[in-house]
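Here's the structure we're looking at; comments come further down.
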Amino acid sequence: MEDRELETMLNDVTSEKSNRREFLKRAAACGISFSSFGVVGLILPKEMEAKAELVPYDWDKHRWVYLVDVEKCIGCGACARACRTENSVPEGMYRTWIERYEIPAEGETAVDSPGGGEQGFGPGLQGREIPKAFFVPKLCNHCAETPCTQVCPVGASYSTNDGAVLVDQERCIGCGYCVQACPYGSRFINPETHTADKCTWCYHRVSKGLKPACVEICPVGARIFGDRKNPNDPVNEILATQKVHLLQPELLTKPQCYYRGLDMEVR
Amino acid sequence: MDPNSPLKHAKHVFRAGFLFVVGVLTLVVLRYVLQPDTWGEFGPYRGESVREYRALPVQYGGVDGCAECHDDHVEMHRAGLHQPVSCELCHGPVTQHIADGEHIAEMPIRRSSATCLRCHERLTARPESFPQIVRAEHIEEMEGEPGPASCFECHDPHSPI
């Protein structure tokens, strides 16, 4: 009885050994294959021919930036409405929105954004002295060191040469990693397409020489869009001569949306 | 095979070599099947996606297009305090009105005080310098009639005041 048990045990051990050998063989093969991947990538640069002529707009001649003048915003919500129409953003989702900050003399700061501020704002805090209050339009910061594209497992999120951060709607699998990775809450999963969605700086307009819809529609000039590579663009003078700030600069994401007159309460 | 032959262990090398070739071929095939055509055109993403974004239709056209037919309104509008306010802010995007140069639908005319008050209702968070009113107080002060379109009794939205 004991002998037989011993025999089976030995058999188990040997078969385990042979399995291990098999496994090691396969692992080595895989290792070699993967290390050769880089070489294969170089040997077969499929469709790498210059197709630039298909893109008449030269994106290397532009570097777009966005500037929000907090001191001018009146919280009318025209930008959010225009964004929805221009980009067919589904109801309840926002590529841009407006936040209201009310900082009372005593007590906690109140922040609200009813319906993204799309239909304007109601009365706000009542019966208290509010020495400081303002609106802050928010949108994707189109970070130069963007955390959202880094986490995309399928390469659906990318930065264009002129600075816009976009999502490939065909390639996105809707996993939502980028939604979590964005520290500004600028991304959402579109309930109609089930892909990640975000502000594109109206790339279809900008690349045709137009302003983004929110900038076009803003009645008080609180939203400014400009080109860093065009020395005559007024945005360069504002950035060079005025005091501007970034949202959460400590995260080192290098946002390309600047805020003029930003309060420290805003995150 | 002669046990003293120098090639007696060569089969191990051949097996490894065979596995290597199979591995490379598998990757080549997978790359061909799974990788989108325009991948890597501009960077590690599908280049076609950029063109897809660029091809999206534009909705908001700007004031210049409006002036082609409505020059009288645009002229008055440009001379007034509402000059920085885009026509399309109150009336909606031009593409809902004109398509391929043809008139397709009337623009909405929002004769409602709610449209005005989205900008001009007094709110603590609005900049002090921006013209704002408390509606009830303003109507009382101006001895107007409270109603859904009371603003228009005195103000022309194209050129207010």
Practice prompt. Determine which single condition A:PHE121 fails, assuming it passes every other condition in (1) in contact (Cβ under 8 Å) with a residue 60 or more places away in the chain; (2) within 13 Å of chain B (Cβ to nearest Cβ); (3) not basic (Lys, Arg).
Written response: (1)
Worksheet item: Does at least one position in segment B:72-83 carry a residue that is in a loop (DSSP other than H, G, I, E, B), within 30 Å of B:VAL134 (Cα to Cα) and without any contact (Cβ under 8 Å) to a residue 60 or more places away in the chain?
Response: yes
Fill in: Selection within segment A:163-190 - closer than 16 Å to B:GLU52 by Cβ and either in a loop (DSSP other than H, G, I, E, B) or outside the structural domain of A:TYR203 (by TED's automatic domain parsing) (or both)
A:ALA164, A:ASP168, A:GLN169, A:GLU170, A:ARG171, A:CYS172, A:ASN190
Response to the item:
Of the residues in segment B:51-71, those that are among the aliphatic types (A, V, I, L, M), free of Cβ contacts under 8 Å to residues at least 12 places away in the same chain and over 22 Å from A:ALA156 (Cβ atoms) come to B:ALA67
Discussion item. Between A:ILE173, A:ILE224, which is over 25 Å from B:ASP64 (Cβ atoms) and over 10 Å from the mean Cα position of the chain (by Cα)?
Written reply: A:ILE173
Item to complete: Among the candidates B:TYR32, B:TYR60, single out the residue that is within 10 Å of chain A (Cβ to nearest Cβ), buried (at least 17 other Cβ atoms within 10 Å of the Cβ) and either within 22 Å of A:ASN87 (Cβ to Cβ) or of a type outside the set (A, V, I, L, M, F, W, C) (or both).
Response: B:TYR60
Worksheet item: Just one of the numbered conditions (1) within 30 Å of A:VAL111 (Cβ to Cβ); (2) free of Cβ contacts under 8 Å to residues at least 24 places away in the same chain; (3) among the β-branched types (Val, Ile, Thr) is not true of B:ILE104; which one?
Response: (1)
Worksheet item: Counting just the residues of segment B:108-161 that are part of a loop (DSSP other than H, G, I, E, B) and charged (D, E, K, R), which one comes out surrounded by the most Cβ atoms within 10 Å (Cβ to Cβ)?
Response: B:ARG126
Fill in: Tabulated pairs, segment A:142-165, first more than 15 Å from B:PRO44 (Cα to Cα), second assigned to a loop (DSSP other than H, G, I, E, B) and of a type in the set (A, V, I, L, M), C-beta under 7 angstrom, 6+ apart or interchain
A:HIS142/A:ALA164; A:GLU145/A:LEU252
Practice prompt. Filter segment A:72-110 for residues that are facing chain B (nearest Cβ under 7 Å), of a type in the set (Gly, Ala, Ser) and out of contact with any Leu (no Cβ under 6 Å at 6 or more places or on another chain) and give the result.
Written response: A:GLY75, A:GLY77, A:ALA82
Discussion item. Could you check segment A:55-74 and list, in sequence order, the residues that are surrounded by fewer than 23 Cβ atoms within 10 Å (Cβ to Cβ), farther than 16 Å from B:LEU56 by Cα and over 20 Å from the mean Cα position of the chain (by Cα)?
Written reply: A:ASP58, A:ASP60, A:LYS61, A:ASP69, A:VAL70, A:GLU71, A:LYS72
Worksheet item: Considering B:HIS82, B:HIS97, B:HIS91, B:HIS70, which residue is at pLDDT 90 or above, surrounded by 12 or more Cβ atoms within 10 Å (Cβ to Cβ) and farther than 23 Å from B:VAL58 by Cα?
Response: B:HIS82
Item to complete: Please enumerate the residues belonging to segment A:124-140 that are of a type in the set (A, V, I, L, M, F, W, C), more than 9 Å from chain B (Cβ to nearest Cβ) and not in a loop (DSSP other than H, G, I, E, B).
Response: A:VAL136, A:LEU139
Response to the item:
Apart from one, (1) touching a residue at least 12 places away in the same chain (Cβ under 8 Å); (2) closer than 30 Å to A:GLY75 by Cβ; (3) not in a loop (DSSP other than H, G, I, E, B) all hold for B:GLU48; the odd one out is (2)
Worksheet item: Does A:PRO147 count as touching a Cys at 6+ places or on another chain (Cβ under 9 Å), surrounded by fewer than 21 Cβ atoms within 10 Å (Cβ to Cβ) and away from every other protein chain (no Cβ under 14 Å)?
Response: yes
Discussion item. Given the condition over 22 Å from the mean Cα position of the chain (by Cα) and either part of a strand (DSSP E or B) or within 14 Å of chain B (Cβ to nearest Cβ) (or both), answer yes or no: does some residue in segment A:233-251 qualify?
Written reply: no
Item to complete: Being modelled with pLDDT of 95 or more, more than 25 Å from A:ASP263 (Cα to Cα) and more than 10 Å from the chain's Cα centre (by Cα) narrows it down to one of A:PRO114, A:PRO153, A:PRO137, so name that one.
Response: A:PRO153
Practice prompt. Return yes or no: is A:CYS199 assigned by TED's automatic domain parsing to the domain that holds A:LEU247 and in a helix (DSSP H, G or I)?
Written response: no
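The values are calculated or read from the model by the stated rules, or taken from the named source; none is laboratory data. Just so it is clear, the model here is predicted, and its values are computed rather than measured. When we count neighbours, we look across all protein chains shown, and the Cβ atoms used for this are built from the backbone with ideal geometry, even at glycine.
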